[in-house]
1. Just how many pairs of Lys in the chain have C-alpha atoms closer than 18 Å, counting pairs that are eight or more places apart or on different chains?
2. Taking H as built 1.01 Å from N, whose amide H comes closer than 5 Å to the amide H of GLY16, not counting residues under 5 places away?
3. Report the charge-dipole magnitude of segment 92-206 in Debye, nearest 20, computed about the Cα centre from +1 at each Lys and Arg Cβ and -1 at each Asp and Glu Cβ.
4. Ranked from the most accessible area to the least, with a 1.4 Å probe and all protein chains present, what is the order of ASP135, ASP46, ASP204?
5. Could you tell me the largest-minus-smallest coordinate of the C-alpha atoms of segment 154-205 on each of the three principal axes, in descending order and whole angstroms?
6. Just ILE124, ILE42, ILE194 to compare: in a GNM of the chain, with alpha carbon springs under 10 Å, which one fluctuates most?
7. Among THR107, CYS211, ALA61, whose Cα sits farthest toward the positive end of the charge dipole of the chain (+1 at Cβ of Lys/Arg, -1 at Cβ of Asp/Glu, about the Cα centre)?
8. Identify which of GLY16, GLY169, GLY109 has the largest mean-square fluctuation in a Gaussian network model of the chain, with springs joining Cα atoms closer than 10 Å.
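The values are calculated or read from the model by the stated rules, or taken from the named source; none is laboratory data. Predicted, not measured: the structure shown is a model, and the values here were computed from it. No Cβ is skipped: glycine too gets one built from the backbone with ideal geometry, and neighbour counts run over all protein chains shown. Please note that ligands, DNA and RNA were not included when accessible areas were found on the heavy atoms of the full protein model with its side chains. Shrake-Rupley method; radii C 1.70, N 1.55, O 1.52, S 1.80 Å.
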Amino acid sequence: EIASFSLSHTTIARGGELKISWATKSVPTSIAPQNVRVFFVIVPRDTTDATYQNTSFSIGAGEGTVTIEVPPGSYSVKISSPKTTLPPIIALEVTGPPATISSNSSTFGSLDDSDRGTIISDGICGVDLSVGLADKYEYPIKNKKTEVRSSRSGTDTIIPKSQTTNDEGLMGYFVTSRLPGISILTLWVDGVQIGNSYVLQVQDAGSSVTCQ
């Protein structure tokens, strides 16, 4: 059981190394300390935001180091370990510039896993596209305006389903077309293309393609 724990910093820059130290009351002699884990969780303070980070160490180590990945803000560090009744919570301030979008962590594509990227050119049949914005640590980028562009902007209609990304960094689009051909759809944020393009094949309205 954990008797107490402490942090090397109470204010730290995102990406910095935070050392957590703890003392134990006792570990049964029948259990090897290296086989028992102690768990810590970093959660937002005074908000319902779902952003959090957790980590665990061997209880016998007495200390461990974690790289802070959560976005800048006010957090609480809590202990979450089996057979521990320790109530203390330590406040932690994470500093740093606002999170930036990572193309590698962000996503752009169809909502439907079975989608083959084909619609018909009736201006009604369309495809639902999903945007997911995240930073390099894969935390969502919320309240961000996005834009989807088509290589055939004069023939395709692109309708956003919201004004900005939600708390999970997500927003959607619905795309239709009235001209057969191939449209290359790309995602843009602040004038920069994010992620890969989406290829939309538009077939003649009289074809055998079934609109989903």
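1. Lysine pair count for the chain: 7.
2. ILE68
3. Dipole about the Cα centre, nearest 20: 320 debye.
4. Details: ASP135 5, ASP46 150, ASP204 90 Å².
Ranked from most to least accessible, the order is ASP46, ASP204, ASP135.
5. Taking the Cα atoms of segment 154-205, the three principal extents are 39, 20, 17 Å.
6. Maximum fluctuation in the GNM of the chain, among the listed residues, is at ILE124.
7. Of THR107, CYS211, ALA61, it is ALA61.
8. Ranking GLY16, GLY169, GLY109 by mean-square fluctuation puts GLY16 first.
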